[in-house]
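Enquirer: Let me give you the structure first, and then I'll get to my questions.
Derivation of every value follows stated rules applied to the coordinates shown; laboratory data play no part. Keep in mind the model is a prediction, meaning the values are calculated, not measured. A quick note on method: Cβ atoms are made from the backbone with ideal geometry, for glycine too, and the neighbour counts reach across all protein chains shown.
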Amino acid sequence: MAAPMNSVGKTSADRLQANCTSFQKKTRSKLISIPGTRPSVQNGQLLVSTGVTSLDYLLGGGLAVGTVLLIEEDRFDSYSRMILKYFLAEGVVCQHELFVATAQDNPDEILQELPAPILDDVAVPKPVEQPRPTGEPQDSLDAMTIAWRYQNLPKVQSALASSSRFGHYYDVSKTMEAEIRQAAKCHRFYLPDHITPSSAAHSARVESYSALLKSLQEVIHREGFDLATPMSKSRNILRVGLHSLGSALWGDDLCCHDKPRHSHALTTFLYGLRALLRSSLSVAVVTLPSHLIQDRALMGNITRLCDNAIALESFKGSERETNPLYKDYHGLLFVRQVPHLNCLARQLPDHKDLAFKLKRKQFTIERLHLPPDLSDTASRVSRGEPVGVASACGSGASGTKNLDF
């Protein structure tokens, strides 16, 4: 058959170009390779570890780069400060740069308290099986372990852990060596060094947050964490730790009055912080004394301005500290908010009853499991009451006692 007239006189290269379509093979976008990071399996977001493996599990695998984690402090600021030190210690081990801002303690004091990393994988001990006594059958031992009605139920694992390891383990009983700590590049912001004593109350309140945001912005642009920086330069992550924002030490009156006059100072700062992190390779952890803020609506606005939000409730100084039901834990943890990045639905935790405890060397978050009823009686019949009296429901032997059904 003869060739079409429109193809006569054309070369083979021209005919090949004319037959080509606009279809292109879809390839994966090249992700940024930075030590101490990994892409999320859910939305492809770049993640970093918080230093606490169980907290990474609650946040969907880690803390997304460009987001803010809000930690509502416990009343004595002991466990929230510890999570902040875990976050900074993970940055030191992963060779990330740090930005630490405080108003009370000098940033060097927090850096000197960073926990020491555990280089060998011995942080998760495996349960050791006890030797079984000889002469007893296997079936009888298993039958006496738990009651018959619970034998077919699946065993509940209280520990929160992922199948793939991410991050490192730390020993809170030891501090990080000075050589490891000094090898990391850290930027410090100490509020008394940036505020003059002669400043008025309102100007000092506005100046504290504006000076903090300006200092952070200068570090991001100067050190090349901005996404506008050419890719020819090696990239790194900036970990931002902001301690006790909203307290009176920052010149804020959120914790001093039921209706603060300048309630928009902190929310305005969080607006700017979130916008600054979105356009840079930075991630922030902010602690806040929420138990001192009386305005719940304001606290809700602060929570919504952050991507992740958790709250810590310590048992120290409360009735739960001596309650035998909570003897294995040191406090409760509440997940206030989880982010929905590059997706329509949020990845909610599969368990809402969470508790934390501080072991001798490690801080962990577990599922809260209360023990069974601690009453001494095993049935409705009291110890001092004859069996026949309680069993004779229809007879007159029960007297004036109420029937027990």
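Enquirer: So what is the diffusion coefficient of the range 264-345 in µm² per second by Stokes-Einstein at 25 °C and 0.890 mPa s, using a Kirkwood Rh over Cα pairs?
Expert: Result for D is 162 µm²/s.
Enquirer: Tell me which residues come under 5 Å, amide H to amide H, from Leu114 once H is placed; ignore anything under 5 positions away on its chain.
Expert: Met176
Enquirer: Which semi-axis lengths, in whole Å and largest first, follow from the square roots of five times the eigenvalues of the Cα gyration tensor of the range 246-286?
Expert: The answer is 25, 11, 6 Å, longest axis first.
Enquirer: Arrange the peptides 244-257, 208-221 so that the one whose residues have, on average, the most other Cβ atoms within 10 Å appears first.
Expert: Highest mean packing first, the order is 244-257, 208-221.
Enquirer: Past the 30 Å Cα-Cα mark, which pairs from Lys185/Lys214; Lys85/Lys259; Lys174/Lys327?
Expert: Distance filter (> 30 Å) returns Lys85/Lys259.
Enquirer: Would you mind putting 99-110, 278-289 in packing order, based on average other-beta-carbon counts within 10 Å, highest first?
Expert: Put in order of decreasing packing, that is 278-289, 99-110.
Enquirer: At most 16 other Cβ atoms within 10 Å and a DSSP loop assignment: could you name the chymotrypsin sites (Phe, Trp or Tyr not before Pro) in the range 274-352 that fit?
Expert: In loop regions of the range 274-352 (DSSP not H, G, I, E or B), there are no sparsely surrounded chymotrypsin sites (Phe, Trp or Tyr not before Pro).
Enquirer: Arranged from highest to lowest average of other beta-carbon atoms within 10 Å per residue, in what order do the peptides 290-298, 361-369, 50-58, 306-314 appear?
Expert: Top of the packing list down: 50-58, 306-314, 361-369, 290-298.
Enquirer: Using modelled backbone amide H atoms (1.01 Å from N, in-plane), which distant-in-sequence or interchain residues come within less than 5 Å of Leu98's amide H?
Expert: Lys185, Cys186, His187, Arg239
Enquirer: So which trypsin sites (Lys or Arg not before Pro) in the range 311-352 are both in a DSSP loop and have at most 14 other Cβ atoms within 10 Å of their Cβ?
Expert: Lys316, Lys327, Arg346, Lys352
Enquirer: Please give the Cα centre distance for the range 295-366 versus the range 99-116, rounded to the nearest Å.
Expert: 23 Å
Enquirer: Give the residue list of trypsin sites (Lys or Arg not before Pro) in the range 217-274 that are DSSP loop and have at most 12 other beta-carbon atoms within 10 angstrom.
Expert: Lys233, Arg261
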